[in-house]
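Data first, discussion second: the structure below is written as structure tokens.
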Amino acid sequence: MDDSTSITLEAIHLLFSGDTELWAIIGVSFQVSTTAILISVPPALIIAFILAYADFPGRRLLISIFNTLLAVPAVVIGLTFYLLLSRQGILGDWRLLFTQSAMVMGQAALSFPILVAMGHAAFQAIDKRAWETARTLGANRIRAFYTVMKEARFGLLAALFSAYGRIIAEVGASMMLGGNILNYTRNIPTAIALETSKGEFSQGIALGLVLIILAFTLNTFLQYFQGKGHLSN
Amino acid sequence: MKLVKSTIKTILILLPFYIQQPVFADDGVTNNSNKIIRLATTTSTDNSGLLAYLLPTFEQTSGYRVHIIAVGTGKALRMGRDGDADVLLVHAPAAEMKFVNAGFGEKRYPVMVNDFVLVGPLSNPANIKIDSEISYALQQIADHKSIFISRGDNSGTHKKELSLWKTKNNYHKSKAYREVGQGMGKVLQMAAELDAYTLTDRGTWLAFQAKTPLKILNEGDPKLFNPYHIIAVNPERYSNINYPGAKALISWITSNDAQTLIGQFTVNNNLLFKPSANETQLTSQLVKETGGQ
């Protein structure tokens with residue numbers, strides 16, 4: 001339709017004309033999601049590694065729990081943190097509801113099970129002897145962990161990108177915890193929801209384009225790494 | 001195997017009939033799609049329960065079915081413009097007039113009036129008086145740099161709020177003025193969490209009153225009146241508009257029977273809407289007073 005063409009053109013124009021409001025929204029998105037992923041990656045990797053290499057009672061149960069958490073909808077995570085952070089909640093005194101910190105908490109919680117489950121799968125695929133060899137060659141535990149991570153890098157990168165892709169495109173938890181406040185907690189997905197509800201489609205499309213470009217870049221990056229990493233014959 | 005084959009055969013034979021069915025129906029007198037009216041309206045009329053109370057009577061007497069699409073006024077007008085709705089029940093006079101003047105809708109008919117109230121925390125840091133002028137009350141909020149939550153979603157309530165500020169000053173750029181772009185219920189929740197002021201329609205307020213620590217701090221200024229109009233989408237722009245249905249709904253909702261029903265509608269024992277179909281003068285006067293907003 002003629003109308004949708006003009007909306008898309010207007011969207012592209014908005015994007016490249018440096019519309020400050022639009023770029024502020026994009027900035028909030030990246031700032032919040034990057035902080036969230038930086039917080040959740042280290043503990044998630046360690047847990048994934050322990051689940052793959054250590055042997056202890058309840059290990060299988062833990063794996064099942066993390067796999068189940070993958071299926072928890074973002075709004076449920078959002079609601080849980082909302083209840084914790086609300087005035088009446090246990091953490092109400094922190095007064096964090098409707099701040100970027102609340103969004104970071106929600107997104108970190110969302111990305112955590114993805115990083116653990118996919119990280120675990122990646123570590124599991126690596127021969128256990130990599131760890132043992134490194135250890136016999138005199139590497140300390142940290143050094144040996146680093147070696148295994150290097151072996152598992154393709155799987156781990158895939159875990160990282162999936163987790164990042166999930167949280168940067170997620171609307172439910174961000175809306176509930178951040179409150180969609182302009183120039184503060186309004187990120188790309190909540191802005192798209194808002195613009196659609198206002199009937200302003202071009203801003204929504206422009207922001208959608210940013211997400212698509214991001215997804216494409218991340219995937220190309222991943223392909224590049226994996227392309228070099230295929231089995232040699 | 002034979003059974004599977006014969007089943008497939010039966011399906012293939014019956015398929016054309018199934019596909020053609022709507023075509024037959026279209027030729028007939030009882031065209032199903034013409035019995036459905038798509039009403040785009042604001043969340044305030046739907047959330048308050050007014051439409052659920054009002055429309056069954058219309059559906060029984062007329063034989064039409066009304067599909068309610070409850071969105072902000074901005075989105076409702078957009079739906080009308082795009083031909084995604086047949087008739088609109090909205091409350092943003094200036095935007096409505098623009099909509100009609102641009103030829104997207106036919107004519108505005110007044111339906112009812114309710115009002116907005118300014119609510120805020122019990123502590124009332126900006127010291128607002130219940131009976132002062134609304135613009136003065138808002139100025140006090142700005143002067144005290146108290147937190148104000150704005151709908152920020154182009155809804156009727158948002159447009160009303162913007163029209164009430166006397167001056168747009170630094171306060172609107174400060175962190176205390178927060179545009180959140182969400183529905184009225186959500187905004188009331190946020191205001192309660194953040195000890196903030198906000199402007200709300202009385203209907204949503206009555207529904208939320210019991211579960212919020214906020215209270216009404218200013219009301220009654222004529223500028224806070226909130227007129228609702230019903231508009232049929234222009235049938236000349238889109239051929240698939242259910243124009244007869246839209247007209248039927250309009251003539252019913254402005255009839256004496258429906259107007260009496262509207263006047264009797266209560267939420268928690270409070271009357272909510274004042275019927276206004278017969279008071280064209282009142283509404284047009286209001287529009288003038290509030291600078292077309």
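Within the same chain, aspartates and glutamates fewer than 8 places from B:Lys211 are excluded, and of the rest, those with a Cα less than 15 Å from its Cα are B:Glu193, B:Asp195.
As a length-normalised measure over Cα pairs under 8 Å and 6 or more apart, the relative contact order of chain A settles at 29 percent. Once the Cβ-Cβ distance of A:Phe154 and A:Val76 is raised to the sixth power relative to R0 = 25 Å, the FRET efficiency obtained is 0.20.
Which FRET efficiency value, to the nearest 0.05, is calculated for A:Arg166 and A:Leu137 with the Förster distance at 35 angstrom and r the Cβ-Cβ distance?
With R0 = 35 Å, the Cβ-Cβ based efficiency is 0.40.
Helix A:100-124 and the long axis of chain A differ in direction by around 40°, with both axes built from C-alpha atoms. Between B:Leu271 and A:Thr68, take the C-beta separation as r, use R0 = 60 Å, and let me know the FRET efficiency to the nearest 0.05. It comes out at approximately 0.75. With both labels modelled 7 Å from their Cα along Cα-to-Cβ, the B:Leu162 to B:Gln264 distance reads 4.0 nm.
Note on chain A: GNM, Cα springs under 10 Å; of A:Trp23, A:Trp131, A:Trp94, the largest mean-square fluctuation is that of A:Trp94. On full extension, the segment bounded by A:Arg95 and A:Leu61 gains 8.7 nm, given 0.36 nm per residue less the C-alpha separation. Filter the cross-link list B:Lys98/B:Lys129; B:Lys215/B:Lys247; B:Lys75/B:Lys223; B:Lys98/B:Lys223; B:Lys145/B:Lys274 down to pairs whose alpha-carbon distance in this structure exceeds 31 Å. Among B:Lys98/B:Lys129; B:Lys215/B:Lys247; B:Lys75/B:Lys223; B:Lys98/B:Lys223; B:Lys145/B:Lys274, the Cα-Cα distance tops 31 Å for B:Lys98/B:Lys129; B:Lys215/B:Lys247; B:Lys145/B:Lys274.
Cut-off 17 Å, label point 7 angstrom out along Cα-to-Cβ of B:Tyr53: give me the residues of the stretch B:102-118 whose amide nitrogen falls inside. Of the residues in the stretch B:102-118, B:111-116 have backbone N under 17 Å from the label point off B:Tyr53.
Centre-to-centre separation between the Cα atoms of the stretch A:147-215 and those of the stretch A:1-77: 6 Å.
Averaging sequence separations of C-alpha pairs under 8 Å and six or more residues apart, then dividing by the length of the stretch B:115-224, give the relative contact order as a whole percent. Walk me through the numbers before you get to the answer.
On the way: 182 pairs, mean separation 53.6, N = 110.
This gives 49 percent for the stretch B:115-224.
FYI, it's all coordinate maths here, none of it is from the lab. As the structure is a prediction and not an experimental result, all values here were calculated from the model. Neighbour counts are summed over all protein chains in view; Cβ atoms, including those assigned to glycine, are modelled from backbone coordinates with ideal geometry.
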